[in-house]
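Here is the structure we will look at.
The values are calculated or read from the model by the stated rules, or taken from the named source; none is laboratory data. Bear in mind that the values here come from a model prediction, so they are computed numbers and not experimental data. Cβ placement follows ideal geometry from the backbone for every residue including glycine, while neighbour counts extend to all protein chains displayed. Each accessible area value is taken on the protein alone, full model and side chains, heavy atoms only, with ligands, DNA and RNA left out. Shrake-Rupley method; radii C 1.70, N 1.55, O 1.52, S 1.80 Å.
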Amino acid sequence: MKKQSTLKIALLGMFGGMWQDYNPGCFLVGYKTYSEIKKMFPTAEIDLFAIQNRFCGNKVIKENKFGLMPLNFFSRRIQLKLLENILSEYDVLIIGGDIVWGGDDVVDDNDIFFINSKKFLVSRKTTVLFNCVHTFYDNQTIRPMKIKFRQACSRADYISVRTKPIQQRLRRLGIKQKISFVPDIVLDLDLKQFKNIKLPSAKTNKPKLGVAIRFKLVNEFIEALKNINLDKYEVYCFAYSQQYDNLKTVKEIKKKFGNKFHYFKKYHNPIESFKLIKNFDLFITDAFHGIIAATLQNIPFISIDIEPEKTSRKDQLLESIGVSKKRNIRIGYHNPKNAEILGKGINNLLNKKFKINKSKLKASQKLIRKHFETIKKIIKRESKFKN
């Protein structure tokens with residue numbers, strides 16, 4: 001009898017952060033996917049590949065910075081060579097999630113996530129699955145990209161996206177394949193398996209308020225803080241994500257407010273950043289996955305949202321957990337009214353009752369589990385066919 005070969009699965013995404021900065025959300029999307037696939041196929045060979053958008057080298061660099069999950073970093077320069085010469089040798093290629101389909105003004109689209117290679121597109125050796133992916137292309141900007149999206153979807157055996165508006169956009173492009181809506185998979189992450197991170201000793205018994213804001217918003221946020229009554233809170237400013245230069249924000253707030261607040265003067269690893277949020281009685285953040293971290297630990301939050309689209313990721317996330325969109329304060333870069341909007345919005349929400357709809361959260365988690373069961377069935381079916 002012919003010996004069955006080991007199943008080879010590649011996970012491809014932005015798992016190490018956009019610039020190898022280990023943004024917590026990016027990393028935990030990878031960790032959640034890796035954990036689920038490993039649980040389903042314990043004997044499979046599973047490798048994770050993460051693009052590093054500022055790296056210019058021609059080699060793949062392996063790194064396991066926190067001893068949690070080894071990542072193979074590669075540069076934009078070699079992305080299609082990697083797809084054609086290395087990833088094409090795997091039985092299964094799982095792409096995403098997170099914002100792998102681009103559409104923002106930070107970095108040009110990465111062709112590897114659109115499997116934009118004629119050589120790879122005509123090959124049928126590798127099963128391709130899109131794992132709860134997202135894009136910043138809106139109703140207008142996605143139209144010129146129609147061929148690119150259609151091409152990617154035509155090669156996929158399974159397509160799942162993170163919001164319903166993206167699902168609708170792809171359908172309007174004339175994509176015939178089934179497109180599944182799946183809430184962000186980190187919403188189903190089991191945080192109980194990781195140890196808690198303690199805060200420094202508090203000066204009082206006041207409720208603890210955590211703050212993590214991107215550096216691009218620091219000036220408006222500082223102006224807003226001047227008009228927000230935080231006397232009833234112990235305030236902790238911490239660096240949730242290196243990708244958003246949160247540590248610079250912490251330093252700027254300290255310059256203005258000195259000993260009035262507590263400050264974390266270093267970045268934590270992605271798991272620690274998530275677990276730290278459990279210590280707060282209220283959390284203010286502009287980080288998408290920061291909201292998820294608060295949700296999973298039942299911590300009330302106030303969301304700050306800079307996405308211009310009406311159907312923003314955060315609005316969609318709040319819908320998935322049954323929280324009013326009024327908890328999401330919408331601002332935009334370079335808007336002179338930002339400080340005023342933030343001040344009024346935060347002051348108002350500080351006194352509002354907060355409750356997550358546990359039924360809606362469980363329904364979202366059920367969709368995520370169904371999503372991974374679907375992936376499991378497809379891989380089993382395809383691997384059986386190939387063997």
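Some points to look at:
- The residue list Arg381, Arg369 contains one member that is basic (Lys, Arg), surrounded by fewer than 18 Cβ atoms within 10 Å (Cβ to Cβ) and in contact (Cβ under 8 Å) with a residue 60 or more places away in the chain, which is Arg369.
- Residue match in segment 158-173 (condition: assigned to a loop (DSSP other than H, G, I, E, B) and open to solvent by 20 Å² or more (accessible area, probe 1.4 Å)): no
- Thr126 meets the stated requirement of being crowded, with 21+ Cβ neighbours inside 10 Å and among the hydroxyl-bearing types (Ser, Thr, Tyr).
- Taken over segment 181-208, the criterion of being in contact (Cβ under 8 Å) with a residue 24 or more places away in the chain, more than 30 Å from Gly67 (Cβ to Cβ) and more than 21 Å from the chain's Cα centre (by Cα) is satisfied by Ala202, Lys203, Thr204, Lys206, Pro207.
- Any hit, segment 309-317, residues being touching a residue at least 40 places away in the same chain (Cβ under 8 Å), of a type in the set (Lys, Arg) and surrounded by 14 or more Cβ atoms within 10 Å (Cβ to Cβ): yes
- Residue pairs meeting the criteria (Cβ under 6 Å; at least 6 apart or on separate chains; first more than 16 Å from Leu187 (Cα to Cα), in segment 269-290; second of a type outside the set (A, V, I, L, M) and surrounded by 24 or more Cβ atoms within 10 Å (Cβ to Cβ)): Phe280/Gly210; Phe283/Gly210; Phe283/Phe301
- Annotation note: Cβ proximity below 6 Å between a residue of segment 159-180 that is free of Cβ contacts under 8 Å to residues at least 60 places away in the same chain and a residue that is among the charged types (D, E, K, R) (sequence gap 6+ or interchain) occurs for Leu173/Lys146; Ile175/Arg150.
- Checked against the criteria, Glu309 counts as within 20 Å of Pro183 (Cα to Cα) and outside any helix (DSSP H, G or I).
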